[in-house]
Ligand code: XUL
Ligand code: CO
């Protein structure tokens with residue numbers, strides 16, 4: 001097969017003064033930040049569905065970017081060509097990971113058995129490309145939302161056969177995750193929610209979703225998949241209300257169904273804003289309760305209310321995200337997966353490079369800025385004295401469970417009024433961030 005991107009060489013780091021658009025200005029894979037190479041901090045991944053399956057159609061118009069290697073058919077040969085083009089892209093971009101849904105890489109067949117067979121055929125090609133390049137899946141997932149059978153949900157469908165079909169599809173995708181040495185397996189509940197409560201038994205549906213995940217945990221053990229599983233929160237779209245609304249809702253769900261030790265969260269920036277949170281709020285909550293796993297890196301648009309999945313370019317956002325990620329100890333199995341697509345009018349193959357280079361440089365800068373803020377120390381030092389009243393005296397007694405309401409009433413009646421607070425210094429702290437950006 002001819003090269004998919006004949007005019008693009010391997011993208012190199014040329015530094016901030018370079019005017020070459022096909023170069024990294026900040027991402028330098030081997031450069032050490034806090035003693036660790038940037039490549040290991042950031043663990044970039046390409047989303048197969050956006051970069052190799054999204055041809056730019058929207059509800060108002062047809063596809064604009066049918067790529068030269070893609071003949072537009074659902075044949076296995078076309079699927080294999082796409083895989084080879086994708087791996088050429090990963091290599092030239094210099095990423096070590098990619099993510100995919102089962103149906104992104106191989107066509108759905110007329111029966112489940114035929115779909116499995118198609119999947120196996122394409123996985124052979126993927127495996128040989130992985131061996132050639134060393135690139136591997138950051139996570140694998142099953143598409144449980146595109147086919148009409150899932151119109152009422154998958155694990156939360158009112159139809160038990162649909163639940164069974166979804167289970168069979170996930171079982172197969174998990175087996176492929178083992179075969180391809182994926183770092184993790186992911187669930188995004190695209191249609192696990194409802195359009196109207198008038199036709200929905202919410203209690204029963206969430207119990208079914210819990211049971212589905214428990215079965216996935218059992219199957220993971222059965223087939224010897226050692227990576228973690230991720231849940232990806234999203235509040236709405238395509239359904240009006242999705243059960244995995246945000247990090248906090250996912251945490252409550254995992255706790256209720258006794259799944260906490262097996263799952264972590266994959267936080268997507270644009271899903272956070274759809275839930276009325278900031279990206280960093282969702283990261284911070286997941287890290288605080290010990291279930292931070294991975295990131296779908298993208299951004300929304302403040303003026304639009306839907307999941308626009310644009311490439312991340314906002315340095316304030318990437319800085320705040322990297323501050324939280326560094327504080328949480330960095331990625332282990334997870335990474336930064338670009339769940340983002342180029343604009344409908346960016347229709348040439350080279351635009352895929354420009355978009356990813358921009359996202360990678362934005363996070364590399366965010367990482368460097370976050371590390372500089374941490375080295376400077378003023379921001380980190382601010383918390384210690386602010387919470388000092390908890391380190392001894394009554395605060396320590398509360399934290400260690402030595403006192404209850406009775407003792408606290410006695411303490412406060414005697415003391416009469418609280419010791420005054422120091423200023424929260426909001427603006428001064430915001431200024432420190434901007435000093436470094
Ligand atoms: C949809 C979304 C998905 C998941 C994987 O909004 O983010 O692409 O990341 O199913
Ligand atoms: Co996503």
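Read the figures in this text as sums done on the coordinates, not as results from a lab. Keep in mind it's a predicted model, so treat the numbers as computed, not measured. Ideal geometry is used to build each Cβ from the backbone, glycine not excepted, and the neighbour counts take in all protein chains shown.
Mean-square fluctuations from a GNM of the chain, with a 10 angstrom spring cutoff on Cα atoms, peak among 126, 325, 394 at 394. One chain, two ends: residue 215 and residue 436. Fully extended at 0.36 nm per residue, the span grows by 74.8 nm beyond their Cα-Cα distance.
For segment 82-214, what does the alpha-carbon gyration tensor say about shape, rounded, prolate or oblate, given a ≥ b ≥ c as the root eigenvalues, a/c under 1.5 as rounded, and a/b over b/c as prolate? Because a/c hits 1.5 or more and a/b exceeds b/c, segment 82-214 counts as prolate. Secondary-structure-derived ellipticity at 222 nm for the chain, considering helices only, amounts to -14500 deg cm²/dmol, per-run term -39500 (n - 2.57) for DSSP H runs with n ≥ 4.
Taking all Cα-Cα distances within segment 187-322, those exceeding 27 Å account for 22%. Sorting 436, 281 by the number of Cβ atoms found within 10 Å of their own Cβ, with the fewest placed first, yields 436, 281. For the chain, modelled as a GNM whose springs connect Cα atoms under 10 angstrom apart, the maximal fluctuation among 141, 318, 111 occurs at 111.
Available extension along the chain between residue 117 and residue 408 is 98.1 nm, counting 0.36 nm per residue and deducting the alpha carbon span. Taken over the alpha carbons of segment 32-376 as equal point scatterers, the Debye sum produces base-10 log I(q)/I(0) values at 0.09 Å⁻¹ of -0.46. A crude spin-label estimate for the pair residue 180 and residue 77, with each label 7 Å from Cα along the Cβ direction, gives 2.3 nm. A Förster distance of 60 Å, applied to the separation of the beta-carbon atoms of residue 124 and residue 383, puts the FRET efficiency at 0.70. With neighbour counts taken as other beta-carbon atoms within 10 Å, the residues 339, 391 rank, fewest first, as 391, 339. What shape does segment 42-82 have by the C-alpha gyration tensor, where a ≥ b ≥ c are the square roots of the eigenvalues, rounded means a/c under 1.5, and otherwise prolate means a/b greater than b/c and oblate the rest? Note, shape of segment 42-82 comes out oblate. From the Cα gyration tensor of segment 231-293, with a ≥ b ≥ c the square roots of its eigenvalues, which class applies: rounded if a/c is under 1.5, or else prolate if a/b is larger than b/c, or else oblate? Cα axes put segment 231-293 in the oblate bin.
For segment 1-133, the spread of Cα positions along the three principal axes, ordered from largest to smallest, is 52, 33, 31 Å.
Between segment 107-150 and segment 350-408, the C-alpha centres lie 40 angstrom from each other. Would you look at the GNM of the chain, springs on alpha carbons closer than 10 Å, and say which of 396, 362, 321 moves the most? Fluctuation is largest for 396.
Maximal additional length on extending the residue 1-residue 199 stretch stands at 66.1 nm, based on 0.36 nm per residue less the C-alpha distance. When 122, 105, 350 are sorted by how many other C-beta atoms sit within 10 angstrom of their C-beta, beginning with the fewest, the order is 350, 122, 105.
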